[in-house]
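In what follows, a structure is listed as structure tokens, so that the remarks can point back to it.
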Amino acid sequence: AFYTLYNLKDSLFAGITKAIKDLKAKHDASRKISRLEIDLDFKKVGLAIFGLAIPLFFLYNYFAQSILGALLLTVVMIILGFLFAAVAGYLVGLVGSSNNPISGLTLSSLIISAILLVIIGVTGDHGVMAVLAVAGVVCTAAGIAGDMTQDLKVGHILGGTPWRMEVGEILGVIAAALLLIFPMIAMDKVY
């Protein structure tokens, strides 16, 4: 994962630079932007990420029983989620869905989070639960990144509008999260 991420550094920086340029071009009325190049607003996505990190901070605090641990895990989750989603998206886009390295990325996030929590003294059941929560979020981010890469690739071939596909993906994730809680509750009661 880290080797792939290192090889992706130029593409990541180019993508971020393009997103910033697109933000500036969006406000420049003299430049016409093709609908095939319009993604969700980068600023709104960033605000949504940080807005959704707040409840996750409280969840991590509940698990870790440590404000410092929760803050550290929230930062780690954002950084690893971004970087590992880039790795997953790149590999899926390059080879296909069967090449999504979710297990390796999840294990990497587990190890990194666990080491950091041990360093600051959050151990035992509280540390384990907090680390598993971070790994779950990073695992989900990597899975969705791979799925979204395939969706955008097919949408590009068919002439779809990226921001509409992205909104559809967000709605799909929300619907799945709301519906999948019931089987999880049932499994919890059984096991």
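Among (1) exposed (fewer than 13 other Cβ atoms within 10 Å of the Cβ); (2) more than 22 Å from Ile102 (Cβ to Cβ), which single condition is Met184 missing?
(2)
Do we find a residue being out of contact with any strand residue (DSSP E or B) (no Cβ under 9 Å at 6 or more places or on another chain) and in a loop (DSSP other than H, G, I, E, B) anywhere in the stretch 55-66?
Yes, some residue in the stretch 55-66 is out of contact with any strand residue (DSSP E or B) (no Cβ under 9 Å at 6 or more places or on another chain) and in a loop (DSSP other than H, G, I, E, B).
Taking only pairs six or more apart or across chains, which ones have beta-carbon atoms under 8 Å, a first residue in the stretch 171-191 that is under 16 Å from Gly143 (Cα atoms), and a second residue that is β-branched (Val, Ile, Thr) and assigned to a helix (DSSP H, G or I)?
That search, which allows pairs on different chains as well, returns Val173/Ile144.
Residue check: is Gly155 surrounded by fewer than 16 Cβ atoms within 10 Å (Cβ to Cβ) and either in contact with a strand residue (DSSP E or B) (Cβ under 6 Å, 6 or more places away or on another chain) or not aliphatic (A, V, I, L, M) (or both)?
no
Within the group Lys32, Lys43, Lys26, which residue is at pLDDT below 80 and assigned to a helix (DSSP H, G or I)? Explain how you work it out, then say what you get.
On the way: Lys32 fails: assigned to a helix (DSSP H, G or I); Lys43 fails: at pLDDT below 80.
Testing whether each residue is at pLDDT below 80 and assigned to a helix (DSSP H, G or I) leaves just Lys26.
Each row is one residue, and each column tells you yes or no for (1) more than 17 Å from Phe63 (Cα to Cα); (2) surrounded by fewer than 18 Cβ atoms within 10 Å (Cβ to Cβ).
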site: Pro101; (1), (2): yes, no
site: Leu107; (1), (2): yes, yes
site: Ile115; (1), (2): no, yes
site: Gly124; (1), (2): no, yes
site: Val134; (1), (2): no, no
site: Asp147; (1), (2): yes, no
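Just checking, which of Leu71, Leu80 is open to solvent by 40 Å² or more (accessible area, probe 1.4 Å), out of contact with any Pro (no Cβ under 7 Å at 6 or more places or on another chain) and part of a helix (DSSP H, G or I)?
Leu71
The values are calculated or read from the model by the stated rules, or taken from the named source; none is laboratory data. Just so it is clear, the structure is predicted and the values come from calculations on it, not from any experiment. FYI the Cβ positions are ideal-geometry reconstructions off the backbone, even for glycines, and counts take in every protein chain you see. In case anyone asks, the SASA skips ligands and DNA or RNA and just uses the protein heavy atoms, side chains included. Shrake-Rupley method; radii C 1.70, N 1.55, O 1.52, S 1.80 Å.
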